[in-house]
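Quick note: the coordinates plus some simple rules give every number you see, no bench work behind them. Keep in mind it's a predicted model, so treat the numbers as computed, not measured. Positions of Cβ are backbone-derived with ideal geometry, glycine not excepted, and every protein chain shown enters the neighbour counts.
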């Protein structure tokens, strides 16, 4: 199924007399179950692309379809709902709520979806177990290592059974060994649960975990390679 | 879909994360509510006290004074016209049907001496009618009788304060005191009355027969002169008729034609007291309004802290939005945080206000009464303050762009 479809997407910022084209006519299709790495230098447009895919932003021109629904016509709140149900974000800086337990962090998406307390807890604990953090649900972020915090973030991303994970340099703040563990977790989620993973990275060894690599340069998609 | 209980839960969790900041934010509300409650308590206490003192004055009272408001266009002081007589008082008692009892009064100040102690006090010449008109019985001994009045006997009834100052622990009954150097026999002690509405000690008085006061103590400018008449109507409904009957009778007795003004004035004591009570109510409202200013300041404090809080939590708001929080999810969260802060602040302020009132009672001696109405009012007001002052920060928070918010340091 065509999960994500970008049709000639452009993102243009007017700066006085000049226009800044962050994205220039980008077209790409992503199927369910893919594991995709997005690469390119700073300012190449990969973050802008991710924001549009994640429904945090809308294109200035072109169409973005998520599960065949055009995101361009949706309101701010409708986009929020889609993010809640369809997208799991994983950030370089983890972005967990401070002084809040791992369990409560993972429960957060469900709070905005009206899930009852018992079910919230059950699902959150299950998600934590999936990422290998059973027993640490009551720890606050400052009591967890970098790798553990990222696992909590990943648990949060999958707790609402979102079909897509968007990870922006998820291993950027982690050492080599932990980075490998996290990438293996992504692979496990992709293989076992069929979650589509889109990963932004600078590093080729991280991109090596994926099965398809797309590269951006100056706002354009310049290459699209599938692994054999 | 937003819902109040969910959002309240989110808000409460967020507040718990930074307890210190929450506590400091509440401080303004706590002080504001506490001040409002304490001020209202002072005012209500004063009102109650006046009502109580009104009750000790006796009820359904008219007071008749010689002289009128204006006499030929010139304001005369009361007591300067020579009009009221003992005969007037007796006539009122006899002929006015709405009147229950009459007490003529001829009074002044005098020094009263017992042994080698002296005490300056008010001496009231009156009749036995005084006991019923003022609802003021004799504590021990006997009251002034008609015989005392007829014979102008030299007997005196002492108020408790006079007794305390002249006799110490000795029983004053049947003792001889000198009033203006004239010996009087003490026939009794009045029951304790307490303070009057005007703040005077009512027990600092001596009663003697009106005729004795006229002949031996204060003299008369014309025969039968007395300084005032107190009249008690039979009931609250009889008060107005009594006032009319007394006025009519006195005009007749004083031979006042239709065109002439009254040469006396009849004052409805109850009305006067009610006016005093109204004044205290106004004072209460004023105090409450002033204290409300501090509540307002507390609300501004909440708004300021919340604005700072929104800025500090920009990243957090970005995360919440990325994860699926809608515009009103964010707005409602911050509004609820403000409401929870004000309501908790309101409760603590209530406790502080009640405690403060008690402290004022003990330390300053002011009567204070915390009415449930004022508590509910202050509490509701604090909730409204929370909603009102929480709205702007909440609105600002909800307008953040999630992409920028997530990048905020």
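Here are some notes:
- Flag if residue B:406 is more than 21 Å from residue B:7 (Cβ to Cβ), within 14 Å of chain A (Cβ to nearest Cβ) and assigned to a helix (DSSP H, G or I): yes
- Enumeration of residues in region A:108-139 that are buried (at least 16 other Cβ atoms within 10 Å of the Cβ) and without any contact (Cβ under 8 Å) to a residue 12 or more places away in the chain: A:111, A:115
- Residues in region B:306-345 that are touching a helix residue (DSSP H, G or I) at 6+ places or on another chain (Cβ under 6 Å), under 15 Å from residue B:399 (Cβ atoms) and away from chain A (no Cβ under 14 Å): B:306, B:307, B:310, B:334, B:335.
- Taken over region A:66-98, the criterion of being touching a strand residue (DSSP E or B) at 6+ places or on another chain (Cβ under 8 Å), more than 9 Å from chain B (Cβ to nearest Cβ) and assigned to a helix (DSSP H, G or I) is satisfied by A:71, A:72, A:86.
- Applying the set (1) over 16 Å from residue B:213 (Cα atoms); (2) surrounded by fewer than 19 Cβ atoms within 10 Å (Cβ to Cβ) to residue B:152 leaves exactly one unmet item: (1).
- Taking region B:180-205 as the range and being touching a residue at least 60 places away in the same chain (Cβ under 8 Å), crowded, with 18+ Cβ neighbours inside 10 Å and over 16 Å from residue B:110 (Cα atoms) as the test, the residues that pass are B:193, B:197.
- Residue B:23 fulfils the conditions (1) more than 14 Å from chain A (Cβ to nearest Cβ); (2) touching a residue at least 12 places away in the same chain (Cβ under 8 Å) except for a single criterion, (2).
- Residue count for region A:28-50, restricted to those that are buried (at least 22 other Cβ atoms within 10 Å of the Cβ) and without any contact (Cβ under 8 Å) to a residue 24 or more places away in the chain: 0
- Residue in region B:226-246 that is more than 27 Å from the chain's Cα centre (by Cα), assigned to a loop (DSSP other than H, G, I, E, B), closer than 23 Å to residue B:132 by Cβ and touching a residue at least 40 places away in the same chain (Cβ under 8 Å) present: yes
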